[in-house]
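Below you'll find the structure, written out as structure tokens, and then a few comments.
Values in this text are rule-based calculations from the coordinates and carry no lab data. Here the structure is a predicted model, which means the values were calculated and not measured. Virtual Cβ from ideal backbone geometry, glycine too; neighbours counted across all protein chains shown.
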Amino acid sequence: PQQCNLAGSWKNDLGSKMYVSKVDDKGNFLGEYHTAVSSAQKPIEPSPLVGSQHLDEDGQCTFGFTVNWKFSDSTAVFVGQCFAEKGEEILQTSWLLREKVDSQSSNWKATRTGQNTFTRMC
Ligand SMILES: O=C1C=CC(=NNc2ccccc2C(=O)O)C=C1
């Protein structure tokens with residue numbers, strides 16, 4: 001099957017959108033993350049993302065990327081794999097969201113984790 005290339009537009013199960021620029025010959029990529037999460041304090045502005053993917057031939061590559069949220073003092077890292085099912089590409093990811101806390105006494109509650117599925121937007 002064709003190589004999994006993350007370049008393009010993706011949408012996750014929250015309705016957030018991710019636009020990945022071209023992937024270079026080392027698998028590195030840049031992009032923008034447009035969150036659909038309403039809890040975001042300031043109006044939704046795109047957040048930059050930086051990532052890296054494997055370029056193995058079987059089209060089911062693993063990858064990781066970091067989102068530096070522009071509307072809050074937080075950072076998310078996503079790790080996952082691209083699956084090609086019946087011609088559809090699906091990104092299965094797990095994420096860690098680190099929100100800035102005021103003191104180490106709150107450090108325990110500063111990191112949340114979860115999972116997101118992304119599919120290509122037409
Ligand atoms: O400061 C914040 C607060 C909530 C956020 N939620 N978005 C996410 C968090 C984890 C994974 C996906 C998303 C998303 O927006 O799709 C992001 C930054």
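Before moving on, here are some points about what is shown:
- On the beta carbon distance between residue 79 and residue 104, with R0 = 25 Å, the FRET formula returns roughly 0.45.
- Listed residues 80, 96, 49: farthest to the positive end of the dipole of the stretch 45-122 (Cβ charges): 96
- In plain terms, the bigger the Kirkwood radius, the slower the diffusion; for the stretch 37-116, with that radius from Cα pairs, at 10 °C and 1.306 mPa s, Stokes-Einstein puts D at 110 µm²/s.
- The stretch 103-122 versus the stretch 52-67: alpha-carbon centroid distance in Å: 20
- Projecting the Cα atoms of 60, 119, 106 onto the charge dipole of the chain, computed from C-beta unit charges around the Cα centre, puts 106 farthest toward the positive end.
- Computed about the Cα centre, the dipole magnitude for the chain is approximately 460 debye when only Lys and Arg (+1) and Asp and Glu (-1) carry charge, each at its Cβ.
- Inverse mean reciprocal Cα-Cα distance (Kirkwood Rh) of the stretch 13-72, Å: 12.6
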